[in-house]
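Reviewing the structure listed below.
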Amino acid sequence: MLCRSFCAAVILCLAVNSAAAQDPTKVEPKHYRLLFENERVQVVSVHYGPHERSQMHDHPGGVVVIVTGGHLRFTDPNGKVTEVYSKSGEARWFPPFKHEVENIGDEPYNAVYVGIKGKLNAAISNPNEESPISPEQLAAIMAEYSPTTAKPR
C-alpha cells in the first residue's frame, strides 16, 4: 500500500512539473498562436485583449517585436511583479523565462515572439553558469546563423 501511494505521489509530481514548463501555444492558445516553427526557432503571434490575463507559462530565449503597444504586468513564479510599457515597433531580447501576463491597459496588445531553440538557446539560458557548450562551439553556432556565412539549404 505504501509503495502504491509513493508511486502515485511521484507520478503526480512529474505531471505537475511537466505542466509547469509548457509551451505557451499549448497552455494559452487564446493568447499565443504558432505562426512558424523549425528546429531553430518558434515564431508565435501574441494577442491580449484589454484586461486579459494568462496562466503561468514558459518562453525560450528570444526576441519580441511589438505590433501594437500596451501596458503589461508580468508576474514570475516567485510572485515578483514587473510592469512594462511597450511601444509599437519596439524589439526586445529576453532570456528564457516563465511568467503570467496581464494586459492592464484599455487597448489590445499584439506582438510577435521569435523564440530560439536548440543548442543556441541552451547556450544563452543562463550566462552566469558554466555553458553546456564551449565558446568555440558557440562561435560555430553563431556563424551558422550569420547571413554572411550561412550556407543555402
Every residue in region 59-71 that is outside any loop (DSSP other than H, G, I, E, B) and either farther than 16 Å from Trp93 by Cα or in contact with a helix residue (DSSP H, G or I) (Cβ under 7 Å, 6 or more places away or on another chain) (or both), please. His59, Thr68, Gly70, His71
Total residues in region 66-81, condition open to solvent by 60 Å² or more (accessible area, probe 1.4 Å) and farther than 14 Å from Tyr113 by Cβ: 5
Residues that are among the acidic types (Asp, Glu), more than 15 Å from His31 (Cα to Cα), in contact (Cβ under 8 Å) with a residue 40 or more places away in the chain and loosely packed, with under 13 Cβ neighbours inside 10 Å: does region 82-103 have at least one? no
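The values are calculated or read from the model by the stated rules, or taken from the named source; none is laboratory data. These numbers come from a predicted model, not from an experiment. Cβ sites come from the backbone with ideal geometry, for glycine too, and all protein chains shown count toward neighbours. All accessible areas refer to the heavy atoms of the entire protein, side chains included, with ligands and DNA or RNA removed. Shrake-Rupley method; radii C 1.70, N 1.55, O 1.52, S 1.80 Å.
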